[in-house]
Each structure stands twice: as C-alpha cells, then as structure tokens.
1. Would you pick out the residues in segment B:179-205 that are touching a Phe, Trp or Tyr at 6+ places or on another chain (Cβ under 9 Å) and either assigned to a strand (DSSP E or B) or outside the structural domain of B:Leu33 (by TED's automatic domain parsing) (or both)?
2. State yes or no: is A:Leu7 within 14 Å of chain B (Cβ to nearest Cβ), touching a residue at least 24 places away in the same chain (Cβ under 8 Å), surrounded by 13 or more Cβ atoms within 10 Å (Cβ to Cβ) and within 30 Å of A:Met236 (Cα to Cα)?
3. Would you check if there is a residue in segment B:121-130 being of a type in the set (Ser, Thr, Tyr), within 17 Å of A:Arg9 (Cβ to Cβ), in a loop (DSSP other than H, G, I, E, B) and in contact with a helix residue (DSSP H, G or I) (Cβ under 6 Å, 6 or more places away or on another chain)?
4. Looking at (1) closer than 21 Å to B:Arg77 by Cα; (2) among the aliphatic types (A, V, I, L, M); (3) away from every other protein chain (no Cβ under 14 Å); (4) buried (at least 23 other Cβ atoms within 10 Å of the Cβ), find the lone condition where B:Ile50 falls short.
5. Going through segment A:332-357 one residue at a time, which ones are of a type outside the set (S, T, N, Q), in contact with a Gly (Cβ under 6 Å, 6 or more places away or on another chain) and farther than 21 Å from A:Phe308 by Cα?
6. Pull out all pairs, ordered by first then second residue, where Cβ-Cβ is under 8 Å, the residues are six or more apart or on different chains, the first lies in segment A:87-98 and is in contact (Cβ under 8 Å) with a residue 12 or more places away in the chain, and the second is surrounded by 15 or more Cβ atoms within 10 Å (Cβ to Cβ) and among the acidic types (Asp, Glu).
7. Which of the following residues is of a type in the set (Phe, Trp, Tyr) and either at pLDDT below 85 or surrounded by 19 or more Cβ atoms within 10 Å (Cβ to Cβ) (or both): A:Phe86, A:Phe104?
8. Within segment A:102-131, track down each residue that is under 23 Å from A:Asn80 (Cβ atoms) and not hydrophobic (A, V, I, L, M, F, W, C).
Amino acid sequence: MRTLKFLLRKEFRQIFRNKSLLPVIFVMPIIQLLIMPLAADYEVKNINISIVDHDHSPYSQKLISKIIASGYFRLSDYSNSFNQAFEQIEKDNSDLVLEIPKDFERNLIRENTQQLYIAVNAINGTKANLGGAYLNRLIQDYNADIRTEWIQPQRYNASPTIQIASSNWFNTYLNYSFFMVPGILAFLVTMVGAYMCSLNIVKEKEVGTIEQINVTPIKKHHFILGKLIPFWVIGMFVFSVGLFGVGRLVYGIVPIGSMGSLYAFLSLYLIALLGLGLLISTYSDTQQQAMSIAFFFMMIFLLMSGLFTSIDSMPEWAKVIAQLNPVTYFIEVMRMVVLKGSGFSDIKYHFLIICGFAIFFNGWAILNYKKTS
Amino acid sequence: MHDVVLDKIRKTYNKNSLVAVDNVSLSVNKGELFGLIGPDGAGKTSIFRILTTLLLPDGGNASVSGYDVVKDYKIIRNHVGYMPGRFSLYQDLSVEENLNFFATLFGTTIKENYDLIKEIYVQIEPFKTRRAGKLSGGMKQKLALCCALIHRPTVLFLDEPTTGVDTVSRKEFWEMLKRLKSQGITIMVSTPYMDEATLCERIALIQSGKILSINTPANVIAQFPQNLFAIKSTNMSGLLKDLRDFGNIESCNAFGEYHHITLSDESDATQHELKTYLESKQHENIVLQSTTPTIEDCFIQLMNNQDGGNSN
C-alpha cells in the first residue's frame, strides 16, 4: 500500500509539473465543450436567397417580407431576371432562387391559382433540402393567410381536416446543444482517458525510466494501478466540471436522471478506456507511435459513435462497428440519463457491455504487457 | 565464492541474425571490482541487462548472488543495484524526490541506508530541491549512483558510468567505486575506455559478443606475447603508411605521440634495417624505443589474433 501511495504521489507530481500537458488535460476539454456544440449544429440558418420579382405588387412584397422575417433566410440579391439571379448561385452568393411571375397578385385573386418557381443549389444536400422545405412551408403559410383574407369563414369546414398537435418531449425547445453537449462531454472524457494514459506510460519507456523501475522489486499490478488511478481521477474531475460547470451554467442543462447510476457507469467506462490506453502503450515504444495509434482509434470512435449522425441511419456494416465502439454506449447513457431521466434499470445492458469492454481491454493489455517485459 | 556467474550465455537479436552475446562465460568474486572492457556494440549492455533480469538470454545460465536470473528474478531485483548507461531517473522530479521514490520502491528509506550513500549524497545535497533534469552531467551520475545504492545492494551493475563525463569527474567516480568496494559490495562495471581498465581488480576484454581474455590488468599486460616498440618521426601520417609497407612489421597502430609496432623479427639488425628503410623514405628525427604495452595494445593484439583465427 505504501508503494502504491508513493507511486500515485509521484504520478500526480509529474502531471502537475508538466506545464504543457496540464492545460491540455484541464482547460482544453472545457474550451472544446464551449466551442464545439455551437459549431456542431444541424439547424440551417442564414440561407442566402435571391428573389426575382417580375410583379412588384403589394402581394409579392408581402411574400418577400414574410420570407425574410422568418429568420432563416437572408436576402442576398433582388433582381429582375432569372439569369441575373442564377449568376449569384454560380458565384456561390446565394443558395436559393425564388422567382415570382408577372401578374402574380392579379392572377392569384382572379383565378385563385398561381405558380412560383424555386431553384435550389444542391451541392450542400442538407442545406438544399432544409432550405427548400422551409421555403415551401413559408409559402403555404402565406397562402393560408391570403385564403383567410378572401374566403368568408364558414360555420363548418366544407371539407374534413385533420388537426395535428405535437409536443416535444425531453428537449422541449428542440435545443440542439441539449443533444450535443452530453455527447461531446462523453467523448472528451474518452480522450483524457485513452490518450493521456497511453502517452504517460510510453513516456516512461521513451525516457528509459521504465528500465530503472523494472529492476526494482515493484509489483506489476502496483505499477499499472499507479498509472491508471491518476487518470481515472482526472477523468472523473473533467467530467464533473463539464457536466456541472459548463453544461449547467453555460448551456443550462440540468441532468434529470439518477446521478448515482451515471457516475457508476462513468467509473466503469473509465476503467475500460484506461485499459485501451494501457493496451496502446504496450504496443508502442515512442510517444509518437502511441499518439498515432490513439488518434486512429479516436477518429473512428468519434465518427462511429452516434455523436453527430444517428446510428440507426448507418448501413448495416457501419452499425456493427458502432456497436463495437465503447463510446457509443457512453453517449447513449449520457443522453438517456441527462435528458430522459433514465435510471439504473434502463441502462443495465449498457453496464454489462462496458463491463465486457473493461475486461477485454485490460485483460489483453496485461497479457501483452507480461509478454514484452 | 562467486557473486556473478555466467555460463555460456548467448543472446541474439533480429531472429538470430545478429549475435550480441556469444557463449560468454565468466565469474565475478564476492567483493570484487570487475571491469567489462570493450568497444561500443561489443555486447556489454546486453550482458548487463541479462544479469539485471531485464532481458532473457537465448541460451546458457547465469546467476547473481547464487540466484538464477530467469527463475529467481524477483529475488535478484531486491539485491542488485543497476545504473543504466543512459540517465534514466525522473527528470521532472527533484533530487530528493527521486531518491525517496526509489527508496520506497525497494521498501526502505533514505535514513536507513544513509551511511552508504552519505559520501556521494553530500556532494549533491545542496541541490536536493533541484529537478534531476536540470543537474549537470556529473551530478546526474552521482544521483543515479545514489539511487542504485539506496537499498544496499550486494551486487552493483554500472553500465558505462563514465561515458560522456569529464576527466575530473571520472577520476572522482572511480574513487567512489573503490570506497564502495571496501564496504563489501561486488561491483561489475563496463567501460569503452581502455585506460580505466587498470583501475579494476580483474577485467574481461570483450569484442563482438566474445570474451577475448579474463585476467587481472597486470596479467593481461604481462601476457602480451612480444616486445612492443614505440616509434615517431616528424611526419607521423606518412610514417604510419611507410611502416605498413615494411616487410617485418606485424602490427602498427597510431597511439598518441608515438606509433606502437610489433616486429616479426625483434633482433637489433632488423631494428637497424627499419631505421635505414625509413630514412630512405625521407623521414627525419626517427625515435625507436621499447615500451610497455597498455591494455589497449593488448586488446588490439587479441582482437587481431581472433580475427586471424576466424579467417583460418
């Protein structure tokens, strides 16, 4: 026990003396948590629209102001010919062209029907889809407004209509950061665990201090525990700061689920990830090698975890990879507990799976560690 | 009583393509200061790593303090001190923290064995709060020695402790080793510097993983088979070339101010013939005298012998 205490004391001393690593461990996750959710946002805003108005009537003006007032569109160009507007698309100044025909107002009132033309720049598929959909919706609204203006309200509707009332559960205001912040936090904790832990052990190899350690009668499990515990503690700390500091104060996310089961899951998850770090360190001799291997895994973990894109919409083979990714389970648990208020019984399968990961990574690492020394 | 015994130890790298240690057998007596002398790449570090249980031999047996290096590695680790050639203490921990840390790993304290390291430690004690990485080369080495001694080892392995250290510190270091020896610690030290060999009680000359000779430094010199001559003239580089062209020359090596040569025929007539030969080659101020061989001469002679033996 005394040896372990000394190992831990030495490890913490070294971490706190490392002037370049310390900010990486403690400050960077916070900064990333502040920046990434703002950037990783699928809500499409600021769609540039070119409007070709051949009518110049009060009705066409009303339509245009309705579109601009929606907040999603920005009028980049107001021109008299479609060719002029299309030039704007070619120059990438606008994403959409709305053409209002001549006699738009007159025909709409007289003949009860009128056509509008929308051209969409579809290079960015998401933006094109959403932009087109928003615009359609706005025009329908506008159409309804005009109908109420001209058609006498009847006692009963002439035709039966279905009214849809919807309510958003768990994230009432569809706040995108509510979805992203818990996920990003889960990923940052993963980084601290796997990256820092593997680099730390490899550093001992690279500097040669492991030689000096190996000739002492130190027990292998003491050495490994001495390496894992500090990063376990740091992972817990970073997570708590991220959840209660940044998540609550900056984004106003109040976890509604059981904190006990969330932290229990986190402890187990960190053990699994530290095992991965240990495993990487047994396969590399220099920090550069460890960094490259860890980076490879981190990229896959990040992109295949359901953090940005839904796993359900991935192809079958990708789903398999996502299911072999420990980060997937942690992000799921985070969202379930923080947003949905899940308790232990809801995440018990996640517990089992992460337990499996922990045994797998640590077991492999210890086997390999024995073989090489 | 032998404290270190190697019996036909063999170690290869790169799937047997590179033989680092080739059937090495030697033994070190209790309380002896034993030197392993050889150039870089001779296999010294591999032998040290096998004896300190960091490397498994591919063949043969070795024991330290009577314990087998493979089977009883755990016991050995309690009894040996190892100072690797490369400084491998924690550069970001202070002198005192390093010492404390290693004391704890060995389950002891600085206080308990302070008398053993005292003489060395007092020299670095004024800097005990300084980070180890910020120490000068000589001080780093003293700290490493303290850390290797902190658990009062019975056998101390020092791998090239004086490489890259200035002459004064080297001298001091050997003084320290002598004092440690007087405390009854068996010391095995490796060095590429031939001049340090005479400071050991017994030495093993090693080259390409093979032992050339094991003896006391005096005996190694006494076993030099021929008379050795020192020769110099005003044009030393030309002299070396011309000497090699002379028929009766057996070996000829640059050695500081003089060239050291051995002759196949040592008679006065041949010596005279050599002088006239050199004069005919326009060499001036020729001095030819008999000299006592150094360990380096012996090493080169043994090495050439072995190469000759191999090619036959």
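1. First pass over segment B:179-205, keeping only residues touching a Phe, Trp or Tyr at 6+ places or on another chain (Cβ under 9 Å): B:186-190, B:194, B:196-197, B:199-205.
B:Thr186, B:Ile187, B:Met188, B:Val189, B:Ser190, B:Arg202, B:Ile203, B:Ala204, B:Leu205 - these are the residues of segment B:179-205 that are touching a Phe, Trp or Tyr at 6+ places or on another chain (Cβ under 9 Å) and either assigned to a strand (DSSP E or B) or outside the structural domain of B:Leu33 (by TED's automatic domain parsing) (or both).
2. Values: within 14 Å of chain B (Cβ to nearest Cβ): yes; touching a residue at least 24 places away in the same chain (Cβ under 8 Å): yes; surrounded by 13 or more Cβ atoms within 10 Å (Cβ to Cβ): yes; within 30 Å of A:Met236 (Cα to Cα): yes.
Taking the combined requirement at face value, the residue satisfies it.
3. If we filter segment B:121-130 for residues that are of a type in the set (Ser, Thr, Tyr), which is where we start, we get B:121, B:129.
From what is left, the residues that are within 17 Å of A:Arg9 (Cβ to Cβ) are B:129.
Going one step further and asking which of them are in a loop (DSSP other than H, G, I, E, B), we end up with B:129.
Subsequent filtering for residues that are in contact with a helix residue (DSSP H, G or I) (Cβ under 6 Å, 6 or more places away or on another chain) retains none.
No: zero hits.
4. (3)
5. So the first thing to find is which residues in segment A:332-357 are of a type outside the set (S, T, N, Q), and the list is A:332-341, A:343-344, A:346-357.
Of the ones still in play, those that are also in contact with a Gly (Cβ under 6 Å, 6 or more places away or on another chain) are A:337, A:341.
Passing the criteria: only A:Gly341.
6. A:Gln88/A:Asp77; A:Ile89/A:Asp95; A:Asn93/A:Asp77; A:Ser94/A:Asp77
7. On the way: A:Phe86 fails: either at pLDDT below 85 or surrounded by 19 or more Cβ atoms within 10 Å (Cβ to Cβ) (or both).
None of the other options fit; the residue is A:Phe104.
8. Result: A:Lys102, A:Asp103, A:Glu105, A:Arg106, A:Asn107, A:Gln114, A:Gln115, A:Tyr117, A:Asn121, A:Gly131.
The values are calculated or read from the model by the stated rules, or taken from the named source; none is laboratory data. Note that the structure is a prediction, hence the values are computed from the model and not measured. No Cβ is skipped: glycine too gets one built from the backbone with ideal geometry, and neighbour counts run over all protein chains shown.
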